[in-house]
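The values are calculated or read from the model by the stated rules, or taken from the named source; none is laboratory data. Quick caveat, the model's predicted, so the values are computed rather than measured. Cβ: placed from backbone, ideal geometry, glycine included. Neighbour counts: every protein chain shown. The accessibility values were calculated without ligands, DNA or RNA, using every heavy atom of the protein model including side chains. Shrake-Rupley method; radii C 1.70, N 1.55, O 1.52, S 1.80 Å.
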Amino acid sequence: VQLQASGGGLVQAGGSLRLSCAASGRTFSPGTVGWFRQAPGKEREFVAAIRWSTTSTYYEDSAKGRFTISRDNAKNAVYLQMNSLKPEDTAVYYCAARKSIVFITRTSDYDYWGPGTQVTVSS
């Protein structure tokens, strides 16, 4: 399974971006797909996750109310709609997948990762 995140860019504070994560390879049927981000000099951190079969979701506190994770089963894609962006949201964003349906925020528990996409929010 290969994952590819896209949709990053430069946006002003208060703006919006929609990130996409496309999966390719063998039949994609993960338990959970998550979005993570890594700012310069910081560890990679969890942002949001979605359970593939039920579409139930889980968010990190700073993402609640601003970000929405969703998935398109037919396109093997997961999206992260980010609204009301803040300069502190600036980071490289990664999508990742794991076989288990249990929501986990640790990066080490995810089985598949793709290259990230840069999001820069200017003040």
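Below are the figures for this structure:
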item	result
Cubic angstrom per residue, convex hull over Cα atoms of the chain	89
Separation of alpha-carbon centers, the stretch 65-111 and the stretch 7-46, rounded to whole Å	5
Extended-chain gain in nm, criterion 0.36 nm per residue less alpha-carbon gap, A39 and S122	28.5 nm
Dipole in debye (nearest 20) - the chain, about Cα centre, beta carbon charges: Lys, Arg +1; Asp, Glu -1	260
Charge-dipole axis of the chain as Lys and Arg at +1 and Asp and Glu at -1 on Cβ define it, positive-most pick from I104, V1, L80	V1
The chain - percent of accessible surface contributed by carbon and sulfur, probe 1.4 Å	47
Hz values of 3J(HN,Hα) by residue in the stretch 69-84 - Karplus curve (6.51, -1.76, 1.60), Gly and Pro given as x	9, 8, 9, 10, 4, 5, 9, 6, 10, 10, 10, 10, 8, 10, 10, 6
For the chain: relative contact order, % (alpha-carbon pairs under 8 angstrom, 6 or more apart)	37
